[in-house]
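Okay, so here's the structure we're looking at.
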Amino acid sequence: MALKIRKGTTADQVPMTPMIDVVFNLLIFFLVASKFAEVERDLLLRTPEASAAKPVTSQVAPLEINIDAQGRYYAKGAYRTLSDLELLLRRENANNPGRAKVRIRADQQCRWQAVVAVINKCLECNIRDYVAGVGGEETSP
């Protein structure tokens, strides 16, 4: 059975003019929209810079207090008495309010009384973030 194909009728063709109009309208829309995005990017505020400002997320280095076998205290490379240590702890808390850290390291032969005295001084100076350890073991409150 032979199939008959009709050629040359204009009713079966898709009109191209409205389709081209729609494509040009979309092209113009996306070009204008991208220009608005560039203008919006340029409207960012320029905030003033502070030279002495520190980032909020910076970590405070802990103050290291070492206790030798005889119960003597060393901090910042020098021998300290318990009253000197208290002044140092108060200064550390004043420089870093609420973020001061202390790391207490003690010799294995050291008596715990010296470690507890430093912990008490930390608490008196409102330093709650301390780590104490004897012989390589560290514990925190």
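Out of everything in the stretch 98-113 that is of a type in the set (Gly, Ala, Ser) and surrounded by 21 or more Cβ atoms within 10 Å (Cβ to Cβ), what residue ends up being nearest to residue 68 (Cα to Cα)?
Ranking the qualifying residues of the stretch 98-113, first place goes to 106.
If residue 81 satisfies every condition in (1) in contact with a strand residue (DSSP E or B) (Cβ under 6 Å, 6 or more places away or on another chain); (2) of a type outside the set (Lys, Arg); (3) surrounded by fewer than 17 Cβ atoms within 10 Å (Cβ to Cβ) but one, which is the exception?
With respect to (1) in contact with a strand residue (DSSP E or B) (Cβ under 6 Å, 6 or more places away or on another chain); (2) of a type outside the set (Lys, Arg); (3) surrounded by fewer than 17 Cβ atoms within 10 Å (Cβ to Cβ), residue 81 is out only on (1).
Can you list residue pairs whose Cβ atoms sit under 7 Å apart, with the first residue in the stretch 99-118 being touching a residue at least 24 places away in the same chain (Cβ under 8 Å) and the second being assigned to a loop (DSSP other than H, G, I, E, B) and of a type in the set (Val, Ile, Thr)? Count only pairs 6 or more apart in sequence or on different chains.
Filtered contacts from the stretch 99-118: 99/60; 100/60; 100/127; 101/60; 102/127.
Can you work out which of the residues in the stretch 115-141 that are part of a strand (DSSP E or B) and among the hydrophobic types (A, V, I, L, M, F, W, C) is modelled with the lowest pLDDT?
Restricting to residues being part of a strand (DSSP E or B) and among the hydrophobic types (A, V, I, L, M, F, W, C), the top hit is 134.
List the strands (runs of 3 or more DSSP E) inside the stretch 72-114, counting only whole elements, that have at least 2 residues being closer than 16 Å to residue 126 by Cα.
Of the strands (runs of 3 or more DSSP E) lying wholly inside the stretch 72-114, those with at least 2 residues that are closer than 16 Å to residue 126 by Cα span 101-106.
Restricting to the stretch 86-116, what's the tally of residues that are in contact with a helix residue (DSSP H, G or I) (Cβ under 6 Å, 6 or more places away or on another chain) and aliphatic (A, V, I, L, M)? Outline the logic, then answer.
Filtering the stretch 86-116 for residues in contact with a helix residue (DSSP H, G or I) (Cβ under 6 Å, 6 or more places away or on another chain) gives 86, 89, 100, 102, 104, 106.
Of the ones still in play, those that are also aliphatic (A, V, I, L, M) are 89, 100, 102, 104, 106.
Here the count works out to 5.
Say whether the condition of being surrounded by 10 or more Cβ atoms within 10 Å (Cβ to Cβ) and at pLDDT 75 or above is met by at least one residue in the stretch 43-60.
Within the stretch 43-60 (the criterion being surrounded by 10 or more Cβ atoms within 10 Å (Cβ to Cβ) and at pLDDT 75 or above), the answer is yes, since at least one residue qualifies.
The values are calculated or read from the model by the stated rules, or taken from the named source; none is laboratory data. Predicted, not measured: the structure shown is a model, and the values here were computed from it. Cβ coordinates were reconstructed from backbone atoms using ideal geometry, including for glycine residues, and neighbour counts include every protein chain displayed.
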